[in-house]
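A.B. asks: Got a structure for you, written out below as structure tokens; questions coming shortly.
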Amino acid sequence: MKHSRQSPLHGDTDIPGRMNQRRQQIVRAAYQLIVDKGLEGFRIRDVAAKVAINTATLHYYFPTKETLIQGVVLYLIEELKRPLVPKRKEPFTASEKLQLEFRDVGVRIREAPDQLLVLNELAIRSWRDPAIARILAHLDELWRGHLSSILKQGIAEGEFRSDLNVVQTANSS
């Protein structure tokens, strides 16, 4: 059980927990504004207004627009890691993992199009914004690493050709 200290003047002093909660609230608000307005219409003051704080307070949690967008990308990564297709307990073969990935994308398009919208906004903006390009490159690197691990598993299990070029195949995705 978690105990938090109480201060007679300030109430709950579980500052790290409250900071984390506030950061998550800000990130979710920023994410939703990107969905609603795109990155071209994305303004820090709108995020602050959406969570009922002033911009100075928002900058305490996210010093720059880039750090806030990084927070949105991390949130998006966690959302993308969460499978939308129900799956049985592991272990999965490599082929089963790939099939699940394809099915998950299909379900995601139907049930969570906001994720793809945010990814698209980031991709378009990355052409003109090196900071976002770096953030998106990191996301792409994570995806290619995930695919590579599935492909290597498939080779080890004998499901995929032993001469399969894992890097080239993952980069073709």
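A.B. asks: Can you give the FRET efficiency to the nearest 0.05 for residue 99 and residue 55, using r as the Cβ-Cβ distance and R₀ = 45 Å?
C.D. replies: Working: r = 46 Å, r/R0 = 1.03.
After rounding, the FRET efficiency stands at 0.45.
A.B. asks: Averaged across orientations, what area in nm² does the convex hull of the alpha carbons in the range 26-65 project? Walk me through the intermediate numbers first.
C.D. replies: Values: hull surface 9.4 nm².
Mean orientational projected area (the range 26-65, Cα hull): 2.4 nm².
A.B. asks: Report the far tail of the P(r) of the range 111-151, meaning the percent of Cα-Cα pairs longer than 14 Å. All intermediate terms of the calculation are to be shown ahead of the outcome.
C.D. replies: Numbers: 458 of 820 pairs.
Across the range 111-151, Cα pairs with separations above 14 Å total 56 percent.
A.B. asks: Where the convex hull is taken over the Cα atoms of the range 13-112, what is its projected area averaged over directions, in nm²?
C.D. replies: Details: hull surface 34.9 nm².
Projected over every direction and averaged, the Cα hull of the range 13-112 covers 8.7 nm².
A.B. asks: Could you run the Karplus curve 6.51 cos²θ - 1.76 cosθ + 1.60 with θ = phi - 60° over the range 46-51 and give me ³J(HN,Hα) per residue in whole Hz, x for Gly and Pro?
C.D. replies: So the Karplus estimates, Gly and Pro as x, are 5, 5, 4, 5, 5, 9 Hz.
A.B. asks: For q values of 0.18, 0.32 Å⁻¹, compute log₁₀ I(q)/I(0) with the Debye formula on a Cα-only model of the range 122-173, without solvent.
C.D. replies: Results for the range 122-173 at q = 0.18, 0.32 Å⁻¹ read -0.61, -1.11.
A.B. asks: Take the Cα radius of gyration of the range 37-96 and divide it by 2.2 N^0.38 Å, with N its residue count; two decimals is plenty. If you can, show how the numbers build up before the last one.
C.D. replies: On the way: Rg = 17.5 Å, N = 60, 2.2 N^0.38 = 10.4 Å.
Expressed relative to 2.2 N^0.38 Å, the Cα Rg reads 1.68.
A.B. asks: Still on this model: Run the helix sum for the chain: -39,500 (n - 2.57) per DSSP H stretch of 4+ residues, divided by residue count, reported at 222 nm to the nearest 500 deg cm²/dmol. Let's see the in-between values first.
C.D. replies: Working: 8 runs with 120 residues, N = 173.
Mean residue ellipticity at 222 nm (helix-derived): -22500 deg cm²/dmol.
A.B. asks: How much length is gained if the chain between residue 157 and residue 87 is pulled fully straight, taking 0.36 nm per residue apart and subtracting their Cα-Cα distance, in nm to one decimal? Before the final figure, lay out the partial values.
C.D. replies: Values: separation 70, 0.36 × 70 = 25.20 nm, distance 2.05 nm.
Net length gain for the segment: 23.2 nm.
A.B. asks: Projecting each Cα onto the charge dipole of the chain (Lys/Arg +1, Asp/Glu -1 at the beta carbon, about the Cα centre), which of 39, 73, 53 comes out farthest on the positive side?
C.D. replies: The residue sitting farthest along the positive end of the dipole is 53.
A.B. asks: Still on this model: How tilted is helix 65-81 with respect to the longest principal axis of the chain? Cα atoms for both, answer in degrees (0 to 90, nearest 10).
C.D. replies: So the helix axis and the longest Cα principal axis differ by about 50 degrees.
A.B. asks: Here is a follow-up. What does the accessible area per residue of the chain come to in Å², with a 1.4 Å probe and no ligands, DNA or RNA counted?
C.D. replies: Result: 64 Å² per residue.
A.B. asks: Using the Karplus equation 6.51 cos²θ - 1.76 cosθ + 1.60 (θ = phi - 60°), what ³J(HN,Hα) coupling, rounded to whole Hz, does each residue of the range 149-161 give in order, writing x for Gly and Pro?
C.D. replies: With the stated coefficients, the range 149-161 comes to 5, 5, 5, 4, 4, x, 5, 5, 7, x, 7, 10, 4 Hz.
A.B. asks: Work out, in µm²/s and without decimals, the Stokes-Einstein translational diffusion coefficient of the range 28-173 at 10 °C, 1.306 mPa s, Rh from Kirkwood over C-alpha pairs.
C.D. replies: Values: Rh = 17.2 Å.
This corresponds to a translational diffusion coefficient of 92 µm²/s.
A.B. asks: Using 0.36 nm per residue of separation minus the Cα-Cα distance, give me the extension gain between residue 43 and residue 74 in nm, one decimal. Before the final figure, lay out each step's value.
C.D. replies: Numbers: separation 31, 0.36 × 31 = 11.16 nm, distance 1.89 nm.
Gain on stretching residue 43 to residue 74: 9.3 nm.
The values are calculated or read from the model by the stated rules, or taken from the named source; none is laboratory data. In this text, all values refer to a predicted model and were calculated from it rather than measured experimentally. A quick note on method: Cβ atoms are made from the backbone with ideal geometry, for glycine too, and the neighbour counts reach across all protein chains shown. Keep in mind that these areas ignore ligands, DNA and RNA; they rest on the heavy atoms of the full protein, side chains included. Shrake-Rupley method; radii C 1.70, N 1.55, O 1.52, S 1.80 Å.
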